[in-house]
Amino acid sequence: MRYISTRGTAPELTFEEAMMTGLARDGGLYVPADVPTLSHDEIAAMAGLRYEDIAFKVMRPFIGETFTDEEFKSLIDAAYKGFGHDARAPLVQLAPNHFLLELFHGPTLAFKDFAMQLIGQMFQAALGRSGKSITIVGATSGDTGSAAIEAFRGLSNVNVFILYPHGRVSEVQRRQMTTPVESNVHALAVDGDFDDCQAMVKDMFNDFDFREEVALAGVNSINWGRVLAQVVYYFSSAVSLGAPHREVSFTVPTGNFGDIFAGYIAKRMGLPIKDLVVATNQNDILHRTLETGAYTKEGVTPSISPSMDIQVSSNFERALFDAYDRDGATVATQMDDLKSGGFAISQGAYQALKETYKSGRASEAETSAAIKSYVADHGELLCPHSAVGVHVAEDYLGTTPMITLATAHPAKFPAAVEEATGIHPPLPSRMSDLFERPERLTRVAHDLTAIQTIIKDRIA
Ligand SMILES: *Cc1c(COP(=O)(O)O)cnc(C)c1O
């Protein structure tokens, strides 16, 4: 299995190389050269299996020679054993034909654990073989960072630096990043917003001297390994509702387009998915794009669903690449135009996107109202991101079962949940001492060179 860049000029890589590299050298994102498919019978045979066994069947065709079957199975088992639920991704019913896929039973209470825990295992195995050390640098709006730190804390051949926007993550998110005691964990609180953090991480990857010097590796949502791990729960949930014998639809609260793109891959692999619905908060570049065909930046307005507060959506490039029939040169030109504010998608590519993705947005008031009504009418206490999802999903309910992804546990965003419902969502008991643990972080200016110096000093 070979991986190619969405901008067409970076070298082709193996799965292991694509996973360790993150961003391609031409600025693009890696995608599989061909998407493998699973037959109707292969999908049908997943019914009733453990999550881990479905994960193996779904991901195995993508990893090539990187791991043996036995090795890969044991990495998957290790990745999910710390989850607080045996089903890993349990499905609960909200209403007739509307289901909630609970993706928040991992160690940091958000869906990013599904990808990050597996990436941690895969990185450790690959580095153990090569004897190399790496520096992971990531930007987070809150959940990626805590998930990455949780996955890499204490690993001897990895330093992990997480840039997060100071004052713009929830207290639970911050504490999950600042309380790990391991010396390879570095939480950097940046004076700026998430897009500033993300832009600086991109700049570090484009600084090839720095990239070599610190052996930079990325685990942001553009990492192909992360997208791949997220494909699994589309299969596990669809199969438990009767796929491949019947179609299902998904609504995905999304910001960087990683999670919904994983759903698209599942569909390409042969899972019968009818609608893939993109749900955005008031930072709605994805919804606007799907409505108008123009991808244009606006500022970020902080919301109660902060993990979706983005100005530009990094994984959307993968969707564009396919919409343009894998024409990397066109994608490169459009991404260049984005620097000066935006671009218009060509008619053909826009049609292709509209055929694949539907969309909707939830305002702040609609998000709060959904949190309130879902606990009152359906008995489910939702986090604000999941509430954005169910609000948007309501417009698409019909005869096909709809699965809305619940991306975080309500206790990760207690202020918004309490404001909407009067209920203070308690942390699961396995992490109830989070507020007593001492914090450790470094405040930094929005200054690329200064941050690069900190990184070089810390790993020296
Ligand atoms: C990261 C995150 C999202 C958005 O996921 P993308 O992969 O960026 O689309 C939604 N909800 C929560 C809770 C998250 O942590």
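Check off (1) of a type in the set (A, V, I, L, M, F, W, C); (2) within 20 Å of the chain's Cα centre (by Cα); (3) within 19 Å of Ser236 (Cβ to Cβ) for Ala24 and give me the number that stays unchecked.
(3)
Please determine whether any residue of the range 83-94 is in contact with a Gly (Cβ under 7 Å, 6 or more places away or on another chain), farther than 30 Å from Asp325 by Cβ and open to solvent by 10 Å² or more (accessible area, probe 1.4 Å).
Here is the first cut: in the range 83-94, the residues in contact with a Gly (Cβ under 7 Å, 6 or more places away or on another chain) are 83.
Narrowing further to those that are farther than 30 Å from Asp325 by Cβ: 83.
Imposing the further condition that a residue be open to solvent by 10 Å² or more (accessible area, probe 1.4 Å) reduces the set to 83.
Yes, some residue in the range 83-94 is in contact with a Gly (Cβ under 7 Å, 6 or more places away or on another chain), farther than 30 Å from Asp325 by Cβ and open to solvent by 10 Å² or more (accessible area, probe 1.4 Å).
Can you tell me which residue among Glu12, Glu71 is surrounded by fewer than 16 Cβ atoms within 10 Å (Cβ to Cβ) and in contact with a Lys or Arg (Cβ under 9 Å, 6 or more places away or on another chain)? Outline the logic, then answer.
Working: Glu71 fails: in contact with a Lys or Arg (Cβ under 9 Å, 6 or more places away or on another chain).
Sole residue among the options that is surrounded by fewer than 16 Cβ atoms within 10 Å (Cβ to Cβ) and in contact with a Lys or Arg (Cβ under 9 Å, 6 or more places away or on another chain): Glu12.
For the range 254-340, list the helices (runs of 4 or more DSSP H) that sit wholly inside it and hold at least 3 residues that are among the polar types (S, T, N, Q) and either more than 18 Å from Val227 (Cα to Cα) or open to solvent by 40 Å² or more (accessible area, probe 1.4 Å) (or both); which are they?
On the way: elements: 258-268, 285-292, 316-323, 328-339.
Hits in the range 254-340: 328-339.
Which residues, counting only those in the range 162-220, are open to solvent by 10 Å² or more (accessible area, probe 1.4 Å), in a helix (DSSP H, G or I) and among the polar types (S, T, N, Q)?
Passing the criteria: Gln176, Gln198, Asn206.
Just to be sure before I move on: is Ile76 touching a residue at least 60 places away in the same chain (Cβ under 8 Å) and either in contact with an Asp or Glu (Cβ under 6 Å, 6 or more places away or on another chain) or surrounded by 16 or more Cβ atoms within 10 Å (Cβ to Cβ) (or both) in the structure I sent? I'd like the intermediate steps shown before the answer.
Values: touching a residue at least 60 places away in the same chain (Cβ under 8 Å): no; either in contact with an Asp or Glu (Cβ under 6 Å, 6 or more places away or on another chain) or surrounded by 16 or more Cβ atoms within 10 Å (Cβ to Cβ) (or both): yes.
So Ile76 fails the test.
Counting just the residues of the range 122-148 that are among the aliphatic types (A, V, I, L, M) and touching a strand residue (DSSP E or B) at 6+ places or on another chain (Cβ under 8 Å), which one comes out nearest to the ligand (Cβ to nearest atom)? Steps first, please.
Residues of the range 122-148 that are among the aliphatic types (A, V, I, L, M), as a first pass: 122, 125-127, 134, 136-137, 139, 147-148.
Then keep just the ones that are touching a strand residue (DSSP E or B) at 6+ places or on another chain (Cβ under 8 Å); that gives 127, 134, 136-137, 139, 147-148.
Details: Leu127: 25, Ile134: 23, Ile136: 17, Val137: 17, Ala139: 12, Ala147: 8, Ala148: 12 Å.
Per the stated criteria, the residue is Ala147.
May I ask you to say which residue of Asp259, Asp209 is among the acidic types (Asp, Glu) and within 16 Å of the ligand (Cβ to nearest atom)? Let's see the steps before the verdict.
Values: Asp209 fails: within 16 Å of the ligand (Cβ to nearest atom).
Unique residue meeting the criteria: Asp259.
In the range 28-108, which helices (runs of 4 or more DSSP H) lie fully inside it and hold 2 or more residues that are touching a helix residue (DSSP H, G or I) at 6+ places or on another chain (Cβ under 7 Å) and within 16 Å of Ala229 (Cα to Cα)?
Values: elements: 40-44, 51-63, 69-80.
Counting at least 2 such residues, we get 51-63, 69-80.
Out of the range 22-51, which residues are within 26 Å of Ala243 (Cβ to Cβ) and buried (at least 19 other Cβ atoms within 10 Å of the Cβ)?
If the condition is that a residue be within 26 Å of Ala243 (Cβ to Cβ) and buried (at least 19 other Cβ atoms within 10 Å of the Cβ), then Val31, Pro32, Leu38, Ile43, Met46, Tyr51 are the ones that fit.
Only residues that are open to solvent by 40 Å² or more (accessible area, probe 1.4 Å) and within 16 Å of the ligand (Cβ to nearest atom): list them for the range 371-403, please.
The answer is Leu381, His391.
Pairs only if they're at least six apart or on different chains, beta carbon under 7 angstrom, first in the range 386-401 and closer than 14 Å to Ile371 by Cα and modelled with pLDDT of 95 or more, second away from the ligand (no atom under 14 Å from the Cβ) and of a type in the set (Ser, Thr, Tyr); list them, first residue then second.
If the second residue must be away from the ligand (no atom under 14 Å from the Cβ) and of a type in the set (Ser, Thr, Tyr), the pairs left are Ala387/Tyr374; Val390/Tyr374.
Looking only at the range 243-256, which residues are more than 9 Å from the ligand (Cβ to nearest atom) and either without any contact (Cβ under 8 Å) to a residue 60 or more places away in the chain or of a type in the set (S, T, N, Q) (or both)? Steps first, answer last, please.
Residues of the range 243-256 that are more than 9 Å from the ligand (Cβ to nearest atom), as a first pass: 243-251.
Within the range 243-256, Ser249, Thr251 meet the criteria.
Which one of Ala229, Ala238 is touching a Phe, Trp or Tyr at 6+ places or on another chain (Cβ under 6 Å), in a helix (DSSP H, G or I) and touching a residue at least 40 places away in the same chain (Cβ under 8 Å)?
Values: Ala238 fails: touching a Phe, Trp or Tyr at 6+ places or on another chain (Cβ under 6 Å).
Every option except Ala229 fails the conditions.
Among the residues of the range 232-246, which ones are touching a Gly at 6+ places or on another chain (Cβ under 8 Å) and crowded, with 23+ Cβ neighbours inside 10 Å?
Scanning the range 232-246 gives a single hit, Tyr234.
Out of (1) more than 14 Å from the ligand (Cβ to nearest atom); (2) in contact (Cβ under 8 Å) with a residue 12 or more places away in the chain; (3) surrounded by fewer than 23 Cβ atoms within 10 Å (Cβ to Cβ), the odd one out for Pro107 is which?
(1)
Does Arg60 satisfy the condition of being within 29 Å of Glu102 (Cα to Cα) and more than 19 Å from the chain's Cα centre (by Cα)? Let's see the steps before the verdict.
Working: within 29 Å of Glu102 (Cα to Cα): yes; more than 19 Å from the chain's Cα centre (by Cα): yes.
Against the criterion (within 29 Å of Glu102 (Cα to Cα) and more than 19 Å from the chain's Cα centre (by Cα)), Arg60 qualifies.
Pairs, please: C-beta under 9 Å, at least 6 apart or cross-chain, first residue without any contact (Cβ under 8 Å) to a residue 40 or more places away in the chain and away from the ligand (no atom under 14 Å from the Cβ) and in the range 288-313, second open to solvent by 30 Å² or more (accessible area, probe 1.4 Å) and of a type in the set (S, T, N, Q)?
Once the first residue is without any contact (Cβ under 8 Å) to a residue 40 or more places away in the chain and away from the ligand (no atom under 14 Å from the Cβ) and sits in the range 288-313, its partners that are open to solvent by 30 Å² or more (accessible area, probe 1.4 Å) and of a type in the set (S, T, N, Q) give Arg288/Thr296; Glu298/Gln311; Gly299/Gln311; Thr301/Gln282.
Return the total of residues in the range 404-427 being exposed (fewer than 14 other Cβ atoms within 10 Å of the Cβ) and within 16 Å of the ligand (Cβ to nearest atom).
Of the residues in the range 404-427, 1 are exposed (fewer than 14 other Cβ atoms within 10 Å of the Cβ) and within 16 Å of the ligand (Cβ to nearest atom).
Take the range 212-222 and flag every residue that is within 14 Å of Ile451 (Cβ to Cβ) and in contact with a Phe, Trp or Tyr (Cβ under 7 Å, 6 or more places away or on another chain).
Hit for the range 212-222 is Leu216, nothing else.
The values are calculated or read from the model by the stated rules, or taken from the named source; none is laboratory data. Remember, predicted model here, so these are calculated numbers, not experimental data. Note: ideal-geometry Cβ built from the backbone for every residue, glycine included; neighbour counts use all protein chains shown. What goes into the accessible areas is simple: the full protein's heavy atoms, side chains included, and nothing from ligands, DNA or RNA. Shrake-Rupley method; radii C 1.70, N 1.55, O 1.52, S 1.80 Å.
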